[in-house]
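Participant: Please read through the structure below; I'll follow up with questions.
The values are calculated or read from the model by the stated rules, or taken from the named source; none is laboratory data. Quantities reported herein were computed from a predicted structural model and do not represent experimental measurements. Cβ placement follows ideal geometry from the backbone for every residue including glycine, while neighbour counts extend to all protein chains displayed.
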């Protein structure tokens, strides 16, 4: 016997790296590795059975939804993307309502137009929609309101010029037209989409790919929705690790805040589900790395002011969306700002965020050393002020290439950093323009009452600062501004798989019924708005949202049309076919079988011969037993067992 040489640690590591390389080559879809968003394939990353996964139910299956769903115009037709599209389709069937929709579209375009073109575009809207002689005239806007708008347009056109007119049109649409919509096939189709949205979510909903990084309670890996092909990041929170660290409230708090905040500048939660060992948050995937990496590892530390301004504007919009929900973030730092494939940023990791009760303030000494505001360090009560301090720290660091109260790679104790925050003033180099220096000073004011953003108007105060004079926030929020930097799609902005430390096994922790109650609050499935956006972005909505010819009702929406019977599985179809063949050869077998199936009387104990055959059936239901049987014997037992599987009711009763 030849004894194998024991491999050295270096050899084992090299072999592992080769294996990881092979995994890396296959762990992402080919089109994703190449940097293409969806790839050039016909299905664009979708499963072969994606249409079966997203098959509409018959409308009769949606009656519970019809009774319980909130029938509010704002909720259905404005907030929910699919609801908005279906209401538009309904309006396009009536010329007068179509004019209202076109008017609202034109006003939206007006609001994101450059300032120098506002006058020209405003006059176009007045001529086309607010002139009685025009074929597209919108009578829902009163003549008095039209006259006031015309006067303002002549004097000084502003982006809010048509707001009163828009309100009049929306008030009209939310009345009788909305009630008609609720009784139309378009609302029935909306119910079908909502039914799909509420289907259970499990690990089988996704394909799992490589590990991207590590969170506080588990790993973060890339994943792809089988039905749509959309890529996400899956944040796994190990159940035992959560319980050991008593992190239930923190995990649930982050999930609930992510669920409520719908912002293109904050990482979105799309799904929340559980497996046997973990709770999973499926989030927006951000492949461009974090701001800390880009500030310190891409040439000289820091950014040009133009790039810093762009990121600061998007961060400010993200904070505004959080603050709109009365949520303070409290952990603004470069590591928590992530870039996507196109160079736009999102705020991530909401573990320290907290919702502030209406009219109240909170206290809590949480955050990261060097970025915590003075009121946080002093354990004073606060509301949203720490986030504007954090924004000042970020703008300073993006331009200077170091944080305001600690030099780069400077080794200093926490107490000293806290002292500097409370007592010293930051130093500004030649890299800062006067506007950049001014906004940093105003955001890093130690007195909360004097700090920019904390004087009653929040983010609007900051947006008016001269530092942002070149920024069109309407166009930024509409996604119409190109980022100053686009990440290389072939570069990897995360650690190598081997460099990501593995979690140790959690010992001495047992899960019980109280844990199940917490898991049920956490695992709520799809999140409405991100799920609907996913259907639209991946063109599933376009392909599936089909009605009958010439605007008629499709069969699945016809209440008098019976729903299709569910498709039978492969085994059922095989057994049915074999049973029919056996019935032809044995005329008495069918009658005998029907007697057993359809009789409402108590069943008698099965004969010994039947019991033997039922044992064979149990083997058929457990394929793992088959390797112990020879092929010929297995075929014999299959042929002798198929007679007994017409329905599971018969088998169970026996």
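Participant: I'm checking my understanding of the structure. Among residues of region 197-212 that are outside any strand (DSSP E or B) and touching a strand residue (DSSP E or B) at 6+ places or on another chain (Cβ under 9 Å), which one is surrounded by the most Cβ atoms within 10 Å (Cβ to Cβ)?
Facilitator: Keep residues of region 197-212 that are outside any strand (DSSP E or B), which gives 197-205.
Cutting the leftovers down to touching a strand residue (DSSP E or B) at 6+ places or on another chain (Cβ under 9 Å) gives us 197-203, 205.
Values: 197: 16, 198: 14, 199: 14, 200: 10, 201: 21, 202: 14, 203: 15, 205: 19.
The extreme case among them is 201.
Participant: Is it fair to say residue 96 is touching a helix residue (DSSP H, G or I) at 6+ places or on another chain (Cβ under 7 Å) and farther than 23 Å from residue 475 by Cβ? Write out each step before concluding.
Facilitator: Details: touching a helix residue (DSSP H, G or I) at 6+ places or on another chain (Cβ under 7 Å): no; farther than 23 Å from residue 475 by Cβ: yes.
No.
Participant: Which residues, counting only those in region 228-260, are in a loop (DSSP other than H, G, I, E, B) and buried (at least 22 other Cβ atoms within 10 Å of the Cβ)?
Facilitator: We begin by selecting, within region 228-260, every residue in a loop (DSSP other than H, G, I, E, B); these are 228-230, 245-247.
Within region 228-260, 228, 229, 230 qualify.
Participant: Return yes or no: is residue 314 over 29 Å from the mean Cα position of the chain (by Cα), modelled with pLDDT of 95 or more and either surrounded by fewer than 17 Cβ atoms within 10 Å (Cβ to Cβ) or closer than 19 Å to residue 463 by Cα (or both)?
Facilitator: When the stated conditions are applied, residue 314 does not pass them.
Participant: All but one of (1) within 21 Å of the chain's Cα centre (by Cα); (2) crowded, with 19+ Cβ neighbours inside 10 Å hold for residue 186; which doesn't?
Facilitator: Looking at each condition in turn, residue 186 falls short on (1).
Participant: Within region 208-232, count every residue that is modelled with pLDDT of 95 or more and under 15 Å from residue 273 (Cα atoms). Walk me through it before giving the result.
Facilitator: Kept after step one, since they are modelled with pLDDT of 95 or more, are these residues of region 208-232: 223-232.
From what is left, the residues that are under 15 Å from residue 273 (Cα atoms) are 223-225, 232.
Residues meeting the conditions: 4.
Participant: If only one of 509, 546, 527 is surrounded by fewer than 17 Cβ atoms within 10 Å (Cβ to Cβ) and either modelled with pLDDT under 90 or within 19 Å of residue 279 (Cα to Cα) (or both), which one is it? Before the answer, list the steps.
Facilitator: Details: 546 fails: either modelled with pLDDT under 90 or within 19 Å of residue 279 (Cα to Cα) (or both); 527 fails: surrounded by fewer than 17 Cβ atoms within 10 Å (Cβ to Cβ).
Step by step, each of 509, 546, 527 is checked, and only 509 is surrounded by fewer than 17 Cβ atoms within 10 Å (Cβ to Cβ) and either modelled with pLDDT under 90 or within 19 Å of residue 279 (Cα to Cα) (or both).
Participant: Still on this structure: Give me the pairs, please: first residue somewhere in region 277-292 and touching a residue at least 24 places away in the same chain (Cβ under 8 Å) and on the phi > 0 side of the Ramachandran plot, second residue anywhere and surrounded by 21 or more Cβ atoms within 10 Å (Cβ to Cβ) and outside any loop (DSSP other than H, G, I, E, B), beta-carbon distance under 8 Å, and either six or more positions apart or on two chains.
Facilitator: 289/338; 289/339
Participant: Assess whether residue 323 counts as being within 17 Å of the chain's Cα centre (by Cα) and at pLDDT 95 or above.
Facilitator: Details: within 17 Å of the chain's Cα centre (by Cα): no; at pLDDT 95 or above: yes.
Spelling it out, it is not the case that residue 323 is within 17 Å of the chain's Cα centre (by Cα) and at pLDDT 95 or above.
Participant: Which one of 154, 160 is loosely packed, with under 12 Cβ neighbours inside 10 Å and within 41 Å of the chain's Cα centre (by Cα)? Give the steps one after another, and end with the answer.
Facilitator: Working: 154 fails: within 41 Å of the chain's Cα centre (by Cα).
That would be 160, the only listed residue that is loosely packed, with under 12 Cβ neighbours inside 10 Å and within 41 Å of the chain's Cα centre (by Cα).
Participant: Just to be sure before I move on: is residue 516 in a helix (DSSP H, G or I), surrounded by 10 or more Cβ atoms within 10 Å (Cβ to Cβ), at pLDDT below 95 and under 28 Å from the mean Cα position of the chain (by Cα) in the structure I sent?
Facilitator: For residue 516, the condition - in a helix (DSSP H, G or I), surrounded by 10 or more Cβ atoms within 10 Å (Cβ to Cβ), at pLDDT below 95 and under 28 Å from the mean Cα position of the chain (by Cα) - is met.
Participant: Filtering region 330-339 down to residues that are over 19 Å from residue 463 (Cα atoms) and touching a strand residue (DSSP E or B) at 6+ places or on another chain (Cβ under 8 Å), which residue is surrounded by the fewest Cβ atoms within 10 Å (Cβ to Cβ)?
Facilitator: Applying the first criterion (over 19 Å from residue 463 (Cα atoms)) to region 330-339 yields 330-331, 333-339.
Applying the additional criterion that residues be touching a strand residue (DSSP E or B) at 6+ places or on another chain (Cβ under 8 Å) yields 330, 334-339.
Values: 330: 24, 334: 19, 335: 13, 336: 24, 337: 25, 338: 23, 339: 23.
Step by step, filter region 330-339, then rank; the result is 335.
Let's see how each residue does on (1) within 18 Å of residue 454 (Cβ to Cβ); (2) buried (at least 21 other Cβ atoms within 10 Å of the Cβ):
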residue	(1), (2)
352	no, no
364	yes, no
380	yes, no
386	yes, yes
395	yes, yes
